[in-house]
Amino acid sequence: MPPDPSPSSVEMHGWYRFGYKLSWLLGRLLFSFKVTGRDKIPNAGGCILAMNHESYLDPPLAGMCCRRPIYFLARKTLLEWPILGPIFPKLNVIPVDQDRADMSALKTIIKLVKAGECTIVFPEGSRTLDGNLLPAQPGLGLIIAKTLAPVVPMRIFGAHQAMPRGGKGIRLHPIRIVVDDPVHFTEADLEGHGRDLYQRLSERVMSRIAAIQPP
């Protein structure tokens, strides 16, 4: 098994480092997990990772692609789980209320990215039911417009087969993530206003994700 790729130069607090190492171990043992292009993710500065959403496995596996701690949005009901619920905030999980337009969670992400942190965003907003890509939602575009941070398109393959939405249990199926070159935005890309602008920015990134081919 390849060694844990997390570099000693990046400061990860205890719970996050534990979660990282556990995810790496389980990912390799259960899913022969591999990532292609991880060097394309900036090691410093505000950054947004944007990936398709196939499974509950996506967030920890996306975190394994990054040599620095990243922040995750997750529905707030996960924090109500016994045992694991209280641990999620220690793993950089930011709760979001999916029953309403929860701007507080997005504002937190925007603040973190502006402060030089890295986050993972799923442009589709929810997990696919059939393995096919879903249309982009404007949330990612809002974060882009407010930060102009580089966006790294990523695509996960095999997570739907390993743990499909609505399925029962986990299947031992290979999972791969391919990382593409960052997309850079400027003020010139912010023509327009509100939801239409955010939707256009999200769709631009989603088109890059859709173009990524299996390794």
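The values are calculated or read from the model by the stated rules, or taken from the named source; none is laboratory data. The structure displayed is predicted, hence computed values, not measured ones. Cβ sites come from the backbone with ideal geometry, for glycine too, and all protein chains shown count toward neighbours. SASA here: full protein model, heavy atoms, side chains in, ligands and nucleic acids out. Shrake-Rupley method; radii C 1.70, N 1.55, O 1.52, S 1.80 Å.
Return a yes/no flag: does the stretch 160-170 have any residue that is part of a helix (DSSP H, G or I) and open to solvent by 20 Å² or more (accessible area, probe 1.4 Å).
So the first thing to find is which residues in the stretch 160-170 are part of a helix (DSSP H, G or I), and the list is 160-162.
Next cut, open to solvent by 20 Å² or more (accessible area, probe 1.4 Å) only: 160-161.
Yes, there is a match, as at least one residue in the stretch 160-170 is part of a helix (DSSP H, G or I) and open to solvent by 20 Å² or more (accessible area, probe 1.4 Å).
Would you mention how many residues in the stretch 117-130 are open to solvent by less than 30 Å² (accessible area, probe 1.4 Å) and either out of contact with any strand residue (DSSP E or B) (no Cβ under 7 Å at 6 or more places or on another chain) or without any contact (Cβ under 8 Å) to a residue 40 or more places away in the chain (or both)? So that I can check it myself, show each step before the final result.
We begin by selecting, within the stretch 117-130, every residue open to solvent by less than 30 Å² (accessible area, probe 1.4 Å); these are 118-121, 123-124, 128.
From what's left, either out of contact with any strand residue (DSSP E or B) (no Cβ under 7 Å at 6 or more places or on another chain) or without any contact (Cβ under 8 Å) to a residue 40 or more places away in the chain (or both): 124, 128.
Selection size over the stretch 117-130: 2.
Within the stretch 176-215, track down each residue that is in a loop (DSSP other than H, G, I, E, B) and more than 15 Å from the chain's Cα centre (by Cα).
ASP181, HIS184, PHE185, THR186, GLU191, GLY192, HIS193, ILE212, GLN213, PRO214, PRO215
Restricting attention to the stretch 171-204, which residues are of a type in the set (A, V, I, L, M, F, W, C), open to solvent by less than 60 Å² (accessible area, probe 1.4 Å) and within 23 Å of PRO215 (Cα to Cα)? Of everything in the stretch 171-204, those that are of a type in the set (A, V, I, L, M, F, W, C), open to solvent by less than 60 Å² (accessible area, probe 1.4 Å) and within 23 Å of PRO215 (Cα to Cα) turn out to be ILE175, ILE177, VAL178, VAL179, VAL183.
Candidates are the residues of the stretch 51-94 that are without any contact (Cβ under 8 Å) to a residue 12 or more places away in the chain and not in a loop (DSSP other than H, G, I, E, B); the one that is least open to solvent (accessible area, probe 1.4 Å) is GLY85.
Restricting to the stretch 140-151, name every residue that is touching a strand residue (DSSP E or B) at 6+ places or on another chain (Cβ under 8 Å) and surrounded by fewer than 22 Cβ atoms within 10 Å (Cβ to Cβ). Full working, then the answer.
Within the stretch 140-151, the subset touching a strand residue (DSSP E or B) at 6+ places or on another chain (Cβ under 8 Å) is 140, 143-144, 147, 149-151.
Selection gives THR147, PRO150.
Taking the stretch 154-175 as the range and being in contact with a Gly (Cβ under 8 Å, 6 or more places away or on another chain) and within 22 Å of THR119 (Cβ to Cβ) as the test, only ILE175 passes.
Name the one entry in LYS168, LYS114 that is among the basic types (Lys, Arg) and at pLDDT below 95.
Details: LYS114 fails: at pLDDT below 95.
None of the others qualify; the one that does is LYS168.
Annotation note: of ILE143, ILE209, the sole residue that is out of contact with any Lys or Arg (no Cβ under 6 Å at 6 or more places or on another chain) and aliphatic (A, V, I, L, M) is ILE143.
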